Structures are given as C-alpha cells and as structure tokens.
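Reviewing the structure listed below.
Coordinate-derived values only; no laboratory data. This structure is a prediction, so every number in the text was calculated from the model and none was measured. As a convention, Cβ positions derive from the backbone with ideal geometry for all residues, glycine included, and neighbour counts pool all protein chains shown.
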Amino acid sequence: MVPAETNADALALQALVWTLGDSGRANRLLDLTGLTPEELRARIGDPALLAAALGFLEAHEPDLIACAVEIGSTPAELVAARAMLERA
C-alpha cells in the first residue's frame, strides 16, 4: 500500500505542474509566494512548498476546480492533500 503522504506529494506535484502550465498563473504564484523560478526548482519536493502551491489554488476557487478536473482529482482531494502536506 502506498502511504497517503506519497499520494499527497504526487497530487500536489500534478497540481503544481498544472499551475505552471499557464504563464499568468505561474507568475501570480511566484509573485504571491515571493519565490524565484530557481528556488521553486530547488524546493520542488519540499512538503511546505507543495502545500503552498495547493493553498494558492484554494485561494482562487475557479483555479482549484479547473485544476482538479484537469488532473482527474476533486477539489476536496486537493484540499486534503494540502492539509496532509502541512502536517509533514
């Protein structure tokens, strides 16, 4: 059985890739978090960064819903993944 935390990581990575796939959304993420592209690349596996990326989507419900649909998830699963990553 795969640990739930691994599933949260994978889901968050998919959501982050989706977020970065649109330049406007990607720039908004970087602006709001203060991260640079280099820092983002360096911290890609950091649970805190992944949780922040999901929190970014949660802050704008249309993006949260669109991301969930695109990656074959649900908004509730993305929110649960963020909560799990924050505890990691």
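Taking the highest mean first, how do the peptides 78-87, 26-35 order by number of other beta carbon atoms within 10 angstrom per residue?
So the order, starting with the most tightly packed, is 78-87, 26-35.
So what's the projected area for the chain, the Cα convex hull averaged over all directions, in nm²?
5.3
Per residue of segment 52-57, what does 6.51 cos²θ - 1.76 cosθ + 1.60 with θ = phi - 60° give for ³J(HN,Hα)? Whole Hz please, x for Gly and Pro, Karplus curve as stated.
Result, ordered by residue: 5, 5, 5, x, 4, 5 Hz.
Give me the dipole magnitude in Debye, nearest 20, for the chain about the Cα centre, with unit charges on the beta carbon: positive for Lys and Arg, negative for Asp and Glu.
Details: 6 positive and 13 negative charges, 15 e Å.
Computed charge dipole of the chain: roughly 80 debye.
Can you sort Arg25, Arg41 so the residue with the fewest Cβ neighbours within 10 Å comes first?
Numbers: Arg25 18, Arg41 9.
The most exposed by this proxy come first: Arg41, Arg25.
Let me check I've understood the local charge: for Ala52, count other residues with C-beta under 11 angstrom from its C-beta, Lys and Arg +1, Asp and Glu -1. What total comes out?
Charge balance in the 11 Å sphere: -1.
Using the Karplus curve 6.51 cos²θ - 1.76 cosθ + 1.60 with θ = phi - 60°, work out ³J(HN,Hα) for each residue of segment 17-24 in order, rounded to whole Hz, and write x for Gly and Pro.
So the Karplus estimates, Gly and Pro as x, are 4, 4, 4, 6, x, 10, 4, x Hz.
Got a sec to turn the phi values of segment 35-41 into Karplus ³J(HN,Hα) couplings, 6.51 cos²θ - 1.76 cosθ + 1.60 with θ = phi - 60°, whole Hz, x for Gly and Pro?
6, 9, x, 5, 5, 4, 4
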